[in-house]
Amino acid sequence: MSKYKIGDVVTVKTWEEMEKEYGLIYYPEIGECISMPDYDFVDDMKKFCNKNVTIAEVLSDCYRIKEDNGTYGWTDLMFK
């Protein structure tokens with residue numbers, strides 16, 4: 001069961017919080033990212049850290065947010 005529903009406003013954790021909890025990895029093709037269960041938090045997502053975002057879609061394994069036009073998969077672990 002999903003913790004959030006469409007329209008909910010949630011706050012993305014800081015990069016430092018997630019790095020401390022999950023650690024950094026590096027992929028040559030995308031750069032630094034935080035290796036989290038299910039989905040990695042990639043460098044391009046960093047601009048949303050510590051910001052409020054709006055849940056736009058709830059999928060079986062992730063959320064899509066309005067602010068990135070549904071580009072990335074977001075999980076409960078990425079939100080405060």
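The values are calculated or read from the model by the stated rules, or taken from the named source; none is laboratory data. Because the structure is predicted, anything quoted here is derived from the model rather than measured. Every residue, glycine as well, gets a Cβ built from its backbone with ideal geometry; the counts of neighbours run over all protein chains shown.
Inspect region 67-75 for any residue being more than 14 Å from GLU17 (Cα to Cα), under 9 Å from the mean Cα position of the chain (by Cα) and not in a loop (DSSP other than H, G, I, E, B) and give the result as yes or no. Explain how you work it out, then say what you get.
Within region 67-75, the first condition is being more than 14 Å from GLU17 (Cα to Cα), and the residues that meet it are 67-75.
From the residues that got through so far, the ones that are under 9 Å from the mean Cα position of the chain (by Cα) too are 72-75.
Within this subset, residues satisfying the condition of being not in a loop (DSSP other than H, G, I, E, B) are 74.
Yes, the conditions are met somewhere in region 67-75.
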When you scan region 1-55 for strands (runs of 3 or more DSSP E) that lie fully inside it, which ones turn up with 1 or more residues that are in contact (Cβ under 8 Å) with a residue 40 or more places away in the chain?
9-11
Does SER35 satisfy the criteria of being touching a Gly at 6+ places or on another chain (Cβ under 8 Å) and modelled with pLDDT under 95?
yes
Go through region 56-66 and report how many residues are outside any strand (DSSP E or B), of a type in the set (D, E, K, R) and closer than 13 Å to TYR39 by Cα.
1
Only one of VAL9, VAL58, VAL53, VAL42 is exposed (fewer than 14 other Cβ atoms within 10 Å of the Cβ), of a type in the set (Val, Ile, Thr) and on the phi < 0 side of the Ramachandran plot. Can you tell me which?
VAL9
Could we say that GLY70 is small (Gly, Ala, Ser) and out of contact with any Lys or Arg (no Cβ under 6 Å at 6 or more places or on another chain) here?
no
